[in-house]
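Reviewing the structure listed below.
The values are calculated or read from the model by the stated rules, or taken from the named source; none is laboratory data. These numbers were taken from a predicted model, which means no experiment stands behind them. Positions of Cβ are backbone-derived with ideal geometry, glycine not excepted, and every protein chain shown enters the neighbour counts. Side chains included, ligands, DNA and RNA excluded: accessible areas come from the protein's heavy atoms. Shrake-Rupley method; radii C 1.70, N 1.55, O 1.52, S 1.80 Å.
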Amino acid sequence: MKKRCYQPPILLECYRIGPLAPHIDAFAARLLEAGYGRQTARHKLRVVADLSLWLRARRAGPESLDEHTLARFRCHRRRYDAARRGDSSAVRQVLEFLQELGVAPAATPKKNARPCHAIEERFERYLRQERRLAEASVLNATPFVRKFLDGRFGTARIALDELGPADVTRFVQRHAHRLSPKRAQLMVWALRSFLRFLHLRGLTGTDLAGAVPTVPVWRHSSLPRFIKAEQVDRILGTCNRGTAMGRRDYAVLLVLARLGLRAGEVTALTLEDIDWRSGEICVRGKGARIDRLPLPQDVGRALVAYLRHGRPRCDTRHVFVTVRAPIGPLSGQSSVACIVGRAVKRAGLNLPHRGAHLLRHSLASDLLRRGASLAEIGELLRHRHPDTTSIYAKVDVDTLRTLAQPWPEG
């Protein structure tokens, strides 16, 4: 493999210098497996060779490598060579590689200086292990808890038994008006869950969850954000399917637009979730729920084109991966939201909301206009309660006109 990438093979010889020389070939293979291009890999090897020479000049070996040593090397290297993009990642990657081999000392876990860190970790374990909440719910809850504890105790000693109803109401009143109604509701839920956790663990004598004020969010007070079918097709048409990134983005957008998947469900898709024989796709949704949906032909064709001609070879079993090295799964829901946002911008649509849910809402609204029932839409979107789907009844203006009473004055 190395001979095919580094032509002629003698090029690797110039990097086999200093105390890191025995590991250069294996590190080069690691770079190739991660999907780095030839020029990028060569530059990274050149930086590692400089690190090896620097260690030899100081009569040090790989066993002396740590974050502090790498910081000193970076300062030294800037004196004779301008820093380039990728220099820091190269030395960090070789350190992690040597730590995996056991050549460099293992990284010592960083101690969090915040006094609230320990209780936050216990709360996160409680949400994951006992409440069995999805990872997205845990990640959405912890920032509010962190802000609450930092605002109340700061860097002082944590005295949870001193918390009172006034602390809770003051926090909500201070922050609720800065958030959207849905975000404020999430903050209230996170705070209630945390205070209930403290009482269950005996860390507070009183259950303060009842002291959290309610944020009024009237049901069905707003319309779902959607766009017309023509605009969805316009967004899909912006993807350049002649490139690997274009094939990936087109497949992601088509899965969102035709199946109504959530962003987290798209990133969670694995190669085993696609049943090509039966023409079905397995979706891992909220609350560890697993559903099987039919795979439309256009979605199947887009996935085949991406898997055959766009998806780089890698160890991960996730369907959608990054295009640039290091190759790996898409990093969470924000990656899907960025794909949608870029496509909306390329389509020239001036929309205030560009998240993945835009296409989910648009699918439901289009199905309703075509005559699908709310029950059928709820089944496709995998809603647990019919009330969740009923909000789409407000977008069917033609049907609502038949229910409107005439004005008394004519």
Probe 1.4 Å, all chains present, heavy atoms only: M245 accessible area in Å², nearest 10, is 60 Å²
In deg cm²/dmol, rounded to 500, what helix-only [θ] at 222 nm does the chain give when every DSSP H run of at least 4 residues adds -39500 (n - 2.57) and the total is split over its residues? -15500 deg cm²/dmol
By the C-alpha gyration tensor axes a ≥ b ≥ c (rounded if a/c is under 1.5, else prolate when a/b exceeds b/c, else oblate), the shape of the stretch 111-215 is rounded
Using a 10 Å cut-off on Cβ atoms, rank the peptides 332-345, 93-106, 157-170 from the highest mean neighbour count down. 332-345, 93-106, 157-170
Heavy atoms only, probe 1.4 Å: what % of the accessible area of the chain goes to carbon and sulfur, would you let me know? 52 percent
Using a Förster distance of 60 angstrom, determine the FRET efficiency expected from the C-beta separation of H76 and E379, and round it to 0.05. 0.40
Dipole of the stretch 165-304, positive direction: furthest Cα of G260, S180, V283, with charges on the beta-carbon: S180
Between the Cα axis of helix 333-346 and the main Cα principal axis of the chain, the angle (0 to 90°, nearest 10) is 80 degrees
Please give the contour-minus-distance gain from E13 to K345: 0.36 nm per residue of separation, less the Cα-Cα distance, rounded to one decimal in nm. 114.8 nm
Separation of the R308 and A372 label points, Cα + 7 Å toward Cβ, nm: 2.9 nm
Within the under-12-Å Cβ sphere about F148, not counting F148, Lys/Arg +1 and Asp/Glu -1 give a net charge of +3
What is the distance, in nm, between label points placed 7 Å from the Cα along the Cα-to-Cβ direction at D150 and at E135? 2.3 nm
Between E33 and R125, what is the label-point separation in nm under the 7 Å Cα-to-beta-carbon projection? 3.2 nm
By how many nm would the segment from Q231 to K286 lengthen if fully extended, with 0.36 nm per residue of separation less the alpha-carbon distance? 17.0 nm
What residue among A118, A49, A372 has the largest mean-square fluctuation in a Gaussian network model of the chain, using Cα springs under 10 Å? A118
To the nearest 10 Å², what's T243's accessible area with a 1.4 Å probe? 60 Å²
Could you report the stretch 116-163's accessible area per residue, 1.4 Å probe, as an integer in Å²? 56 Å²
